[in-house]
1. Looking only at the stretch B:319-334, count every residue that is within 15 Å of B:V156 (Cα to Cα) and in a helix (DSSP H, G or I) and tell me the total.
2. Kindly provide the set of residues from the stretch B:199-252 that are of a type in the set (G, A, S), closer than 27 Å to A:F113 by Cα and crowded, with 24+ Cβ neighbours inside 10 Å, ordered by number.
3. Quick one: in the stretch B:188-198, which of the residues that are within 13 Å of chain A (Cβ to nearest Cβ) and either out of contact with any strand residue (DSSP E or B) (no Cβ under 7 Å at 6 or more places or on another chain) or farther than 20 Å from B:E218 by Cβ (or both) is surrounded by the most Cβ atoms within 10 Å (Cβ to Cβ)?
4. Please determine whether any residue of the stretch A:90-108 is of a type in the set (V, I, T), without any contact (Cβ under 8 Å) to a residue 60 or more places away in the chain, surrounded by fewer than 22 Cβ atoms within 10 Å (Cβ to Cβ) and within 12 Å of chain B (Cβ to nearest Cβ).
5. Any chance the stretch A:31-51 includes a residue that's of a type in the set (G, A, S), farther than 18 Å from B:A281 by Cβ, within 12 Å of another protein chain (Cβ to nearest Cβ) and not in a helix (DSSP H, G or I)?
6. Can you tell me which residue among B:R375, B:R389, B:R361 is more than 29 Å from B:P502 (Cα to Cα), at pLDDT 90 or above and open to solvent by 10 Å² or more (accessible area, probe 1.4 Å)?
7. Looking only at the stretch B:456-479, which residues are part of a helix (DSSP H, G or I), hydrophobic (A, V, I, L, M, F, W, C) and either within 18 Å of B:K508 (Cα to Cα) or under 29 Å from the mean Cα position of the chain (by Cα) (or both)?
8. Can you tell me how many residues within the stretch B:289-302 are in contact (Cβ under 8 Å) with a residue 60 or more places away in the chain and more than 11 Å from chain A (Cβ to nearest Cβ)?
Amino acid sequence: MNTEAILKGYEAKEENLLYILHDIQDAAEEHNLTDSELKKVADFLKIPVSRVNGVTGFYSMFSKRSRGKYIIRLCQSPPCYIKGSVNIYKTIKEYLNISENETTEDRLFTLEFSSCLGVCGLAPAVMINDDVYGNLTEKSIIEILNKYQNLEE
Amino acid sequence: MDFYNYYALLYIDDSTVAAGVKEFEEILKRKLAAADLLNSVKVLETGSSGLKDYGIGLSVYPGDIHYGNLSTADIDEIINEHFIKGRVVTRLIVKPPEEQFRTSELGPQDVRLQNRIVLSLSGVIDPENIFEYFAEHGYEAIGKILEEKVSPEKVVGIIKNSGLQGRGGAGFPTGLKWDFTRKAEGNQKYIICNADEGEPGTFKDRLILEGNPHLVLEGMLIAGYATGAAKGYIYIRGEYDLSIKRMEKALSQAYEYNLLGHNLFGSGFSFDIEIKKGAGAYVCGEETSLIESMEGKRGIPRLKPPFPGTHGLKGSPTVVNNVETLANIAPILLKGAEWFRSFGTKSCPGTKVFTILGDVRYTGIVELPMGTTLRQIIYGYGGGMREQRSLKAVHLGGTSGAVFDESMLDIPLDYDSVRNHGGMLGSGAILVLSNTVNMRDYLESVLLFFKHESCGKCVPCRIGTARLYDMVKLLETSDNKELILNEMDKLSETMNKTSFCPLGQSLKFPVQSIHQYFGDEILRS
């Protein structure tokens, strides 16, 4: 769905801003919000572009960077930290050859850090798009990444 | 109604989904069909067992048999032995560790169910079927209030008498909060359910929403009636995918049966509820930030007073209650304030949902009376330390709470008593750290979190969180560690006195308590 169609579904009220941004980002091929889209939203809501930019930058679920098909959100909160999230980060980093906020060359994965995902009972945990994986080990995270890679073949 | 020989309850929540329960369910159903057992075994989905982290779990009734840590390879055996031959598969049974408790200290009753108020039906009913909630007195409290024309003053009075305090962290008396909004002038008033659970180590609200969404809706209805609000919002964090789906389903069912909408129970009282999805910001758990976020703005806190009770969403009187708080409402109205006061301590009645995490044998959530001690929870319900490690520290109440050592295991957990011991009960998170954890490293992970989540509105917090993070890094290499620790104490104290909202104000708890209890270790390293 393009931005114009998304905007049509909303009343032009500022309180809808977050939901509009969610929808546009979900529909975007690169899972991000670009300046030109933000301008359209600002015009639609009749508010300054700076305010739309401010909201986009404030919330961690929004991104202006172009992102891969699968967004890996690795929890780095203390409960995951004590269960070894640092090692999981190193493993992903080496296996996919990307650091925080980077995207693999094949545009398949983007690695981001996240605050608590609320599955601390399964720490360390990671969220890939809408799916949560827990009790990660250096071995299991690679198996999970392989699963996504195999989907593409 | 059809009758079955066996009812097999599968626990579906984010944890078990991550463990592959959906695939398990599909294969189980297929194999039951192949064995021609679909008429004698009923597979039901329910919310989280709330018990312990047992991977994929299946409970079979009658018999009250709990299987855990299942894999698809176990399905044949369960079908052939249990469902066909009626023989329990002992190998797969998991025994909740609190069973030991049940017989030794707390009497023969089922403690787990006895002490539950908000989780009493989680993992027992199918959260996606409103009839199962009806069967357990669901929507009876609001129905009774409306049909017997109980006055809003009286409803607020019952909540006041119950002594219920907000379960989000601050522990403010709920009845008083409602009274402010009830008395406030305004044509439009709002009820907001705060389900923006972002405190690391906390996932109780998620399990309540996933396990029994209608209980929260009924609490909101009652809050709406008591305060004169006609509109409610549930602000759920964007990452809680399953919670949002379950709640959407619950809402549509409630509308279908006229439990939401216009002129409920023919009383003239109307109430609508909408879901609002968050976008990832810890500070939005603070009520005024949450309101800002709902208005489509950056989630930064507002100056208080005026409080949301009189000037909240769109400037109108607004009650913001935590999920767990709202889940207590209908049971209190049904059973009375006295009943509620029979749980917990004198100053903090009721139960609290605690999350047990970290280096214990069993992680998970448990609902217990206020005043239960850390030792009871860690050793009784958490099963003690895992892999024979020894207990070093407990981070209590979430990231912004204090970190205690072993000497504090016997303090009763309620808002007042933890506060008197220099900490806070907060969200009820209990993160257990073993001797393998380096306390400086741990403090670094805590401060990294705050540095990232500070919203940037006020100077003390914006700069203070960044400076504290620099200082904890310096502790790694510096020759004068004592000076740095003292400076960190001072800075966090200043932040406590000058920060705009609880985020910056509460940093002193982890910083100063780690210095107090584990300063020696940091100095020696």
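The values are calculated or read from the model by the stated rules, or taken from the named source; none is laboratory data. Just so it is clear, the model here is predicted, and its values are computed rather than measured. Don't worry about glycine lacking a Cβ; one is built from the backbone with ideal geometry, like all the others, and counts go over all protein chains shown. Keep in mind that these areas ignore ligands, DNA and RNA; they rest on the heavy atoms of the full protein, side chains included. Shrake-Rupley method; radii C 1.70, N 1.55, O 1.52, S 1.80 Å.
1. 9
2. B:G201, B:S243
3. B:D196
4. no
5. no
6. B:R389
7. From the stretch B:456-479, those part of a helix (DSSP H, G or I) are B:459-474; that's our starting set.
From the residues that got through so far, the ones that are hydrophobic (A, V, I, L, M, F, W, C) too are B:459, B:461, B:463, B:466, B:468, B:471-472, B:474.
Listed by number, the residues that qualify are B:V459, B:C461, B:I463, B:A466, B:L468, B:M471, B:V472.
8. Residues meeting the conditions: 2.
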